[in-house]
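The values are calculated or read from the model by the stated rules, or taken from the named source; none is laboratory data. Quick caveat: nothing in here was measured; it's all calculated off a predicted structure. Because the Cβ atoms are built from the backbone with ideal geometry, glycine has one as well, and the counts that use them run over all protein chains shown. Heads up: the accessible areas ignore ligands, DNA and RNA and are worked out on the full protein's heavy atoms, side chains in. Shrake-Rupley method; radii C 1.70, N 1.55, O 1.52, S 1.80 Å.
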Amino acid sequence: MAVSIRGRPIRSIRMRGRNDSGEENVPLDLTRDPSENMREILQNVAKQQGVSNMRKLGHLNNFIKLLCNVGHSEEKFGFTYEEMIICLRLALLNEAKEVRAAGLRALRYLIRDSNILQKVLRLQVDYLIARCIDIQQSNEVERTQALRLVRKMITVNALLFPNSITNSLIAVGNDGPQERDRMVRACIAIICELALENPEIVAKRGGLSTILKNVIDCQLNRINEALMTTILHLLNHPHTRQYVRSDVELEVWICLQQLTHQKFYYFIFHQF
C-alpha cells in the first residue's frame with residue numbers, strides 16, 4: 001500500500017520541474033521585453049540538438065502564453081509571422097507526438113485572420129497538418145489538436161481551405177469505419193461543416209459521396225439527420241446545387257432507397 005503524505009500517495013508526487021504532462025516547467029518572465037522572450041522560445045523550438053523534447057514542449061506552451069499576454073504584434077515580438085511559422089513548422093516534424101501536438105496547438109493560437117492563414121499555406125504547413133491527421137490512430141492527442149486546428153482554419157476563411165487536408169479528412173471518413181478509427185465522426189462533422197462554407201472543394205474531392213456512405217453505415221438518427229441536411233442544403237440552393245454532380249445526385253437517391261423506411265420518414269417528418 002502506498003505511503004500517504006497529507007492524504008496524497010507518494011506515487012502521485014511528480015518529479016521536480018515537471019508537470020502532469022511530463023513537460024519541463026520552463027519559466028516565462030512576462031516582465032521582460034516580448035522580443036527577448038520570443039527569441040528564446042523560437043531558438044529552443046528550432047534547435048535540432050541540445051534541447052530535450054519535453055523542454056521544447058514547455059517552450060511551445062510558453063509561446064501561447066506570450067501570445068495571449070502580448071497579442072498579435074510583429075513589432076513587439078521582433079519577428080515576422082513567416083519566421084514564427086517556420087520555427088513552429090519544425091515542431092510538426094519532431095519525433096515526439098507531444099511536441100507535434102503542442103506545435104499544432106501553437107499554430108491554432110497564431111492563426112487569427114486570413115493574412116496569417118495565407119502565410120501558413122504559402123509555407124506548405126498544410127501538408128504537415130494532413131500528415132498528423134493520417135498518423136497512427138493511437139496518437140489521439142495529436143490528431144485531436146490537428147482537427148481543432150482544421151476547424152480554426154475553416155472559421156478564419158473556409159475559401160482558403162487546402163486540398164491536402166480535405167483529402168486526409170475524406171480518407172478517414174471513407175476508410176475509418178473499417179479500421180475502427182475513433183476520429184471518423186469528427187472528420188465527417190468537419191467535412192459537413194466545410195461543405196456548407198466551401199462546397200466546391202468538398203465536391204471536387206469527393207466529399208459528398210463520403211457523407212452519403214456514412215448515412216448508410218450510421219445507425220444513429222440524429223447523425224443521419226445532420227448528414228442528410230448537409231446534402232439537402234446544397235440541393236436546395238441554386239448557387240450550390242451545381243456542385244452536386246450528376247453521379248453524386250444519383251447516389252443520393254440510391255442512398256435514400258437503401259435507408260429503411262422508418263429512418264427516412266423519421267427524417268422527413270422531423271425536418272419538414
Point to revise | Output for region 23-39, where each listed residue is assigned to a helix (DSSP H, G or I) and surrounded by 17 or more Cβ atoms within 10 Å (Cβ to Cβ) | key: PRO34, ASN37, MET38
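Each row is one residue, and each column tells you yes or no for (1) in contact with a strand residue (DSSP E or B) (Cβ under 7 Å, 6 or more places away or on another chain); (2) acidic (Asp, Glu); (3) surrounded by 22 or more Cβ atoms within 10 Å (Cβ to Cβ); (4) closer than 25 Å to ASN224 by Cβ.
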residue: TYR127; (1), (2), (3), (4): no, no, no, no
residue: CYS132; (1), (2), (3), (4): no, no, yes, no
residue: ILE135; (1), (2), (3), (4): no, no, no, no
residue: LYS152; (1), (2), (3), (4): no, no, no, no
residue: ASN167; (1), (2), (3), (4): no, no, no, yes
Review point. Which of (1) touching a Gly at 6+ places or on another chain (Cβ under 9 Å); (2) surrounded by fewer than 16 Cβ atoms within 10 Å (Cβ to Cβ) does ARG185 not meet, given it meets every other one?
Key: (2)
Practice item. Would you check which residues across region 99-127 are outside any helix (DSSP H, G or I) and among the hydrophobic types (A, V, I, L, M, F, W, C) and list them? Key: ILE111, LEU123
Exercise for review: Quick one: in region 41-84, of everything that is among the hydroxyl-bearing types (Ser, Thr, Tyr) and open to solvent by 30 Å² or more (accessible area, probe 1.4 Å), which residue is farthest from the chain's Cα centre (by Cα)?
Suggested key: SER52
Exercise for review: Taking ARG143 as the residue in question, decide whether it is buried (at least 23 other Cβ atoms within 10 Å of the Cβ) and either touching a residue at least 60 places away in the same chain (Cβ under 8 Å) or not assigned by the TED database to the domain that holds SER209 (or both).
Suggested key: yes
Revision key, fill the gap. With the first residue restricted to region 181-208 and required to be at positive phi and assigned by the TED database to the domain that holds LEU235, and the second required to be part of a helix (DSSP H, G or I) and at pLDDT below 95, Cβ contacts under 8 Å at 6 or more apart or on different chains are GLY206/ILE170
